[in-house]
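Trainee: I have a structure here, written as structure tokens, and I will follow up with some questions on it.
None of the figures in this text is laboratory data; all of them are computed from the coordinates on show. These figures come from a predicted structure and were not determined experimentally. Neighbour counts run over all protein chains shown; Cβ positions are idealised from the backbone, glycine included.
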Amino acid sequence: MPDDQIKRFDVIFEGVGRASGKMRNDILVEWPMMKERFELATDEGPFHGGDGTAPPPLALFTAALTGCIMTQIRAFSKRMKIPIGTVEVRAKLHWTGEQTGHDPYVTAPVGFDLDVDLDSDASPEDQHRLLDAAKKGCFIEQTLMQGLTVGHRLRIGADWQDA
């Protein structure tokens with residue numbers, strides 16, 4: 001495809017979280033390009049010292065991955081002219097944790113599986129094409145597939161230090 005037909009764009013979300021309870025976090029997420037703001041919260045249950053006033057972060061992560069692929073399936077079905085009815089996705093996100101003595105635990109991902117059920121009379125080939133396109137268009141899935149490094153900085157006094 002010629003460069004003059006390729007549209008490039010950036011998608012940038014920004015978030016600011018503040019601790020507001022035993023383990024509760026209130027987070028303001030902004031999508032400047034769309035001039036949208038979202039107020040979200042996370043909390044942990046008593047097991048982790050919280051009050052369970054909001055979903056834990058992993059629940060929101062599971063919802064985000066599930067919702068992302070579902071959104072792309074529905075958006076791309078229209079663009080690709082592949083008719084679908086209802087869409088159901090069952091997600092299983094699996095991690096392990098390991099703790100030695102009283103040290104903080106260490107976690108690792110095991111695997112993430114998405115079972116996609118499309119109500120569609122489209123051919124199996126078209127349904128596979130649709131899912132392949134949705135996987136490529138899902139920002140969260142593409143991020144996970146890249147193994148992206150997350151940068152961290154820590155404020156020490158008035159200075160920000162790489163951590």
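Trainee: Report, to one decimal in Å, the Kirkwood hydrodynamic radius for the stretch 68-163 based on all distinct Cα pairs.
Mentor: 16.5 Å is the Kirkwood radius here.
Trainee: Oh, and also: Only helical DSSP H runs with n ≥ 4 go in: add -39500 (n - 2.57) per run for the chain, normalise by residue count and round the 222 nm mean residue ellipticity to 500 deg cm²/dmol.
Mentor: Per the formula, -9000 deg cm²/dmol.
Trainee: Measure out, as a whole number of angstrom, how far apart the alpha-carbon centroids of the stretch 14-53 and the stretch 72-116 sit.
Mentor: 21
Trainee: Using only alpha carbon pairs under 8 Å that are at least six residues apart, calculate the relative contact order of the stretch 1-55 and give it in whole percent.
Mentor: Reported as a whole number, the value is 26 percent.
Trainee: Moving to a separate point now. In what sequence, highest mean first, do 108-117, 46-55 appear when ranked by Cβ atoms within 10 angstrom?
Mentor: So the order, starting with the most tightly packed, is 46-55, 108-117.
Trainee: Then there's this: May I ask you to list the lysines whose Cα is less than 30 Å away from that of Lys136, ignoring any residue fewer than eight positions away on the same chain?
Mentor: Lys7, Lys35, Lys78, Lys81, Lys92
Trainee: Can you give the angle from 0 to 90° between the axis of helix 57-79 and the longest principal axis of the chain, with both taken from C-alpha atoms, to the nearest 10?
Mentor: In the chain, helix 57-79 runs at an angle near 20 degrees to the longest axis.
Trainee: Let me ask something else. Can you give the net charge of the other residues whose Cβ lies under 15 Å from the Cβ of Arg90, counting K and R as +1 and D and E as -1?
Mentor: After counting each charged neighbour, the total is -4.
Trainee: Follow-up question, since we're still on this one. When a/c reaches 1.5 or more, the comparison of a/b and b/c decides; with that in mind, is the stretch 1-55 rounded, prolate or oblate per its Cα gyration tensor?
Mentor: Cα axes put the stretch 1-55 in the prolate bin.
Trainee: What is the projected area of the convex hull of the Cα atoms of the chain, averaged over all directions, in nm²?
Mentor: 14.4
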